[in-house]
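Structure record follows, encoded as structure tokens.
Since every read-out is calculated from the coordinates, none of them should be taken as a lab result. If you're wondering where the values come from, they're calculated on a predicted model, not measured in any experiment. Neighbour counts are summed over all protein chains in view; Cβ atoms, including those assigned to glycine, are modelled from backbone coordinates with ideal geometry.
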Amino acid sequence: MMLSVPSHTQRGRFITFEGLDGCGKSTQLEKLAGVLRAQKLPVVVTREPGGTATGEKIRQLLLDTKTSSLAPLAELALMFASRAQHIAEVIEPGLTEGRIVLCDRFTDSTEAYQGGGRKLGHEPVLALHGILCGNLWPELTILMDSDVAKSVDRARRRNKTFSAGSGKAKSDENRFEQESRAFFGRVRNAYLAIAAREAERVVVVDARGTPEETHKQIVEVVRRKLKLGNEYGLNSPQSHRATEKTSRT
Ligand code: TMP
């Protein structure tokens, strides 16, 4: 992919990745970040819940299996608390500085998991987004579509491996993976409904193939949808601001 860097005055680009637990989303995000960095583009890789010191504390609370009986509305509020902080501290400053912000999950996750999975519906999610997120939306969302059973099994295996791991203290992030297949079926349906409603922004990528096949599809979507190569112009490496930042902790 031939790309170039935005100039100082240009606002950055906001791209999010979405999908079920275990769909390979984080791997694909890192692979795309690698392609963009190879072009010396200023990339910020971040995630939700989390992405800031405060957000990571909220993440721990939200994902820890020891957090029991969390009311769905409290869960919804915490997701947005993390997001509001993340927008203020990482996403908006990154975009203002002209960076490409690649975010692992955003409000579509809340609509899919709390709206669909927890059956809160999409209205409260979109209403809170309007109030708390200044109506900031990504210009491109890659929705990695995968089989519910396979993805969830993969996520559960991965988390077991982590918790059985090297004796290093690793936080337990299994609370959502313990949900039923029916829950994840609702999450997937909600995701597909978002993609149907917002076909301009949300591109569904089939994540059932090999990681390399999926990566190729994603690079093509990013190139086509964001027209990065044409719009930013090429061949001006001396103007590149090659600074990179990873806010993921
Ligand atoms: P992940 O970052 O490893 O994908 O895990 C985050 C988990 O949090 C995942 O199970 C999805 C869930 N989640 C929500 O339920 N709502 C949200 O708004 C976000 C951002 C994540």
Alpha-carbon radius of gyration plus Dmax, which is the widest Cα pair, for region 63-198 in Å: 15.9, 46
Pairwise label distance in nanometres, S180 with S69, each label 7 Å out on the Cα-Cβ vector: 2.1
Spin-label model distance (nm) - A88 vs L126, 7 Å beyond Cα toward Cβ: 2.7
Spin-label pair A38/L136, simplified geometry with 7 Å Cα→Cβ offset, distance in nm: 2.9
When each of K40/K150; K25/K119; K25/K225 is checked by Cα-Cα distance, pairs over 26 Å: K40/K150
Cα-based reach from K66 at 17 Å (exclusive), listing aspartates and glutamates while leaving out same-chain residues under 8 positions away: E56, E75, D172, E173, E177, E179
